[in-house]
1. Name the residues of region B:142-160, by number, that are at least 20 Å² less accessible with every protein chain in place than in the isolated chain; the surface is that of heavy atoms, probe 1.4 Å, without ligands or nucleic acids.
2. Taking the Cα-to-Cβ direction at A:K514 and at A:Y467 and moving 7 Å from each Cα, how far apart do the two end points lie in nm?
3. Cα centroids of region A:513-589 and region A:157-183: how far apart, whole angstrom?
4. If the reach is capped at under 15 angstrom between alpha carbons, list the aspartates and glutamates near A:K348, excluding any in the same chain fewer than eight residues apart.
5. Summing both sides, how much accessible area is buried between B and A? Use a 1.4 Å probe and give Å² to the nearest 100.
6. Taking the DSSP beta bridges in chain A as the whole, what percent of them are antiparallel, to the nearest 5?
7. Between A:V608 and B:K157, what FRET efficiency comes out of the Förster formula 1/(1 + (r/R0)^6) with R0 = 35 Å and r the beta carbon distance, rounded to 0.05?
8. Kindly tabulate the residues in region A:541-588 with an accessible-area decrease of at least 30 Å² between the chain alone and the assembly of all protein chains, using a probe of 1.4 Å.
Amino acid sequence: MKKYKYQLIALFGSALMFTGCGNQNGESSSNSALASNNAEKVYVAPGEQDEFYAFMSGGYSGNLTVYGLPSGRMFKEIPVFSQFATSGYGYSEETKPMLNTSFGFVPWDDSHHPDISQSKGELDGRWIFINGNNTPRIARISLTTFETEEIIEIPNSAGNHSSSFITENTEYVVAGTRFSVPVPQRDMPINEYKANFKGALSFISVDPEHGHMDIKFQLMMPGFNYDLSHPGRDKSHGWFFFTTYNTEEANSLLEVNASQNDKDFIAAVNWKVIEEYVNNGGGELMPANYAHNVYDESTHTATSTMKKEVLTVDPLKVPGAVYFLPTPKSPHGCDVDPTGQYIIGNGKLSADLTVHSFDRMIEAIEGKKFDGEAYGIPILKFEDVLAGTVKSGGLGPLHTEFDGKGNAYTTFFISSEVVKWKLGTWEVIDRKPTFYSVGHLMIPGGNSRKPFGKYVVAMNKITKDRYLPTGPELEHSAQLYDITGDKMELIYDFPTHGEPHYAAGIPAELLAPKSKKIYRLDENKHPYAVTSPDGAKVVREGNEVHIYMSMIRSHFTPDNIEGVKVGDKVYFHITNHEQDFDVPHGFAMIGQNTSELLIMPGQTKSSVWEPKKPGVWPFYCTDFCSALHQEMQGYVRVSPADSNIELSWSLGD
Amino acid sequence: MKKASIFMIIGPLLLIGLYFFPLWNIILGAPQYPEPLGMNIHIDGIRDMNEFDLKNIDGLNHYIGMRTLPKPEDMWEFSTFPIVIGGMVALGVLIGLLGYFGKLSYKWFAGWFILMSILGVLGMYDFNAWMVDYGTNLDPHAIMKLANPDGTPMTYKPPLLGHAKMLNFDVTSLPETGAWLMFLGMMLTLLAFYLGWKNRNSTTQ
Ligand SMILES: [Cu+2]
């Protein structure tokens with residue numbers, strides 16, 4: 001029997017070779033899963049756990065999804081910028097302020113680039129940051145609770161794209177603007193863009209203990225488009241590099257007009273020099289209006305504060321702070337290798353990769369070898385800073401990560417492939433197709449000083465024939481490559497939610513042990529919490545009714561409430577009394593114009609209901625919590641507005 | 001006799017461990033509890049093995065109508081046992097000291113051992129009786145009333161020692177550090193008696 005099986009596999013394998021390897025240079029059947037035990041490499045047996053966490057941005061979903069590697073299993077969606085009906089984020093009365101902005105309540109965004117906090121250039125797993133691209137914001141998410149703890153809005157910015165990348169010791173999270181805009185915003189002709197628009201690069205300091213964010217300064221750069229960025233590492237720590245496009249400063253039909261210059265720039269910013277300048281009183285305070293939203297874990301409540309000014313810095317006033325490195329051609333990715341020596345500019349309209357040398361850049365600066373200037377900022381000579389060029393023959397390089405063994409991996413959007421090449425010699429070692437149109441790729445820790453170079457995840461924009469069709473819209477696809485050998489091996493692909501632009505990966509052993517299991521009831525400082533069922537009560541304040549409710553398997557206290565009237569605003573403040581891992585309860589009220597709540601053990605959340613009709617209306621637990629989950633329910637009696645029925649409540653009568 | 005008396009002093013002192021370490025441990029494991037729930041029985045009360053275990057055990061037990069686990073003030077045992085143990089330690093040490101100075105016969109060592117054994121057996125008997133009551137005296141309004149195959153109401157008495165299957169739970173009941181120290185201490189007093197007996201003629205009695 002066994003013998004036949006092998007024959008079948010051999011037959012099947014050779015069939016794949018003829019049908020499936022058209023774009024494999026006819027090399028071998030090395031990407032045949034059957035022939036190479038790839039199934040084993042990604043199989044995580046029931047009860048076993050993945051080796052890495054992967055955090056993928058949601059793009060237009062506005063959130064962050066958590067996957068396991070190598071299994072590709074999705075563990076969680078973390079609500080960040082967008083409404084999320086599963087847990088009522090944005091509808092829980094306490095967390096609504098998280099989505100406040102200077103434009104009002106904005107319950108959606110376009111989340112692009114997650115980055116995990118670092119210490120000494122290595123992932124420390126305390127927080128993960130992610131940018132809101134559309135309404136410029138940066139969010140900080142706790143990696144113990146996997147909840148969004150803080151969101152800061154970025155003024156003077158638009159298209160917050162070259163974000164949210166983090167310096168070696170999480171000193172700063174950067175938020176660079178993709179669209180330059182008038183600063184301050186004003187009514188002016190669009191075609192007077194040139195020289196009038198500004199590109200703000202915001203440096204947001206991170207409190208080392210609590211992670212709290214604050215805009216330390218905004219560098220007011222010429223009106224280019226700042227696309228992606230990367231902090232220096234190791235020897236180049238203290239510098240930040242930003243790719244630019246549209247150095248033409250066109251304001252219309254950019255696909256042509258912003259693609260005229262043969263070279264755009266990588267802006268090299270010495271933030272340590274600017275920090276010193278600012279610490280000595282430099283910079284200019286400018287009126288601004290932006291929201292700073294903070295979630296407090298002990299009160300389970302968010303507050304939103306409007307900030308009124310921001311410190312701006314004119315780069316010309318800080319000599320030695322900013323230089324331009326000419327880079328072909330409309331570079332997208334801007335990536336620094338783990339040693340900090342090489343700055344890789346991926347010219348998305350070119351076939352080659354341009355690699356700058358940090359040492360040569362410093363030499364050129366010291367030797368004042370400039371090739372003119374742009375808006376007063378010195379331009380270094382291309383040949384003086386160039387370390388080498390990767391002649392790849394691919395098309396449209398986008399983004400590069402590193403395996404920590406001297407190799408780099410670059411995605412090519414137009415030719416849909418991942419190319420592995422060697423740092424220093426610039427030779428291409430391997431290339432593998434992706435399915436299809438790959439954007440960013442990710443190696444766990446691959447943008448830090450210490451990559452965990454076991455897997456590459458490629459994030460594709462187009463899915464087409466990879467999975468069963470689901471109508472015109474398909475979820476995007478991620479592809480997993482084993483990179484432990486000389487050649488990359490495609491071992492798995494899996495769908496992803498939203499449009500993942502970038503991802504951050506970290507070994508599970510760095511996060512799993514400190515992941516929180518419950519919120520402690522004895523640390524619950526929510527003003528409406530009831531920490532003992534005896535504390536349950538209903539209080540009327542004018543036309544507001546506040547219900548202090550507790551829940552535990554499998555009942556609410558109280559479960560019968562009378563004396564509510566049409567026109568009242570009824571607040572359910574519900575505390576989950578469980579102190580057991582993974583026992584949330586849900587809450588939903590009939591006809592409520594919000595979503596359900598999901599309340600974690602020890603947590604308090606509030607929900608609003610405005611009853612419109614007299615009657616006896618049920619509420620229930622939405623999370624199947626126990627054998628008696630169906631019994632976890634209650635009623636609110638609603639009387640006409642002019643009724644004089646007294647408030648009363650009960651359980652078990 | 002001096003050597004025997006030293007063992008007789010050390011032995012009862014080991015019982016002091018009962019004030020710091022649990023006497024008994026009961027673990028409830030099930031597939032949906034990859035980290036099992038457990039309770040540690042100390043001489044002055046029942047405590048969590050991991051934080052919130054008692055709360056969660058009570059939460060499960062209420063489905064089948066078991067009472068909540070007793071707080072120290074709910075049972076006379078938890079105030080009496082520490083006094084009894086303290087008394088036995090003091091008595092043992094006193095006997096040992098008097099033996100050391102030749103004021104007492106080694107036979108007193110056995111006397112202490114026998115008294116301690118009787119108290120231990122009584123303690124076990126009491127513990128078992130409590131578990132029988134706890135596991136069979138169920139709330140008549142219990143949410144779930146389960147019957148054995150022969151039609152009699154199911155009871156939930158944990159095993160006094162060893163493993164038992166209760167519904168989907170594996171229940172394991174074993175002595176803990178405090179009990180082992182007590183056992184070792186009692187063995188030392190037995191050894192003291194033996195040494196005293198062996199040397200009964202060589203010393204001045
Ligand atoms: Cu429930």
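1. B:I143
2. Taking the two extended label points, one gets 3.3 nm.
3. Going from one Cα centre to the other spans 40 Å.
4. A:D227, A:E255, A:D262, A:D264, A:D335, A:E417
5. Separately minus together, B and A give about 900 Å² buried.
6. Taking every DSSP beta bridge with both residues in chain A, the antiparallel ones total about 90 percent.
7. It comes to 0.10.
8. A:R553, A:Q579, A:D580
The values are calculated or read from the model by the stated rules, or taken from the named source; none is laboratory data. Since this is a predicted model, take the numbers as computed values, not measurements. Glycine gets a Cβ as well: all are built from the backbone with ideal geometry, and neighbour counts include every protein chain shown. Remember, those area values only see protein heavy atoms, side chains included, never the ligands or the DNA or RNA. Shrake-Rupley method; radii C 1.70, N 1.55, O 1.52, S 1.80 Å.
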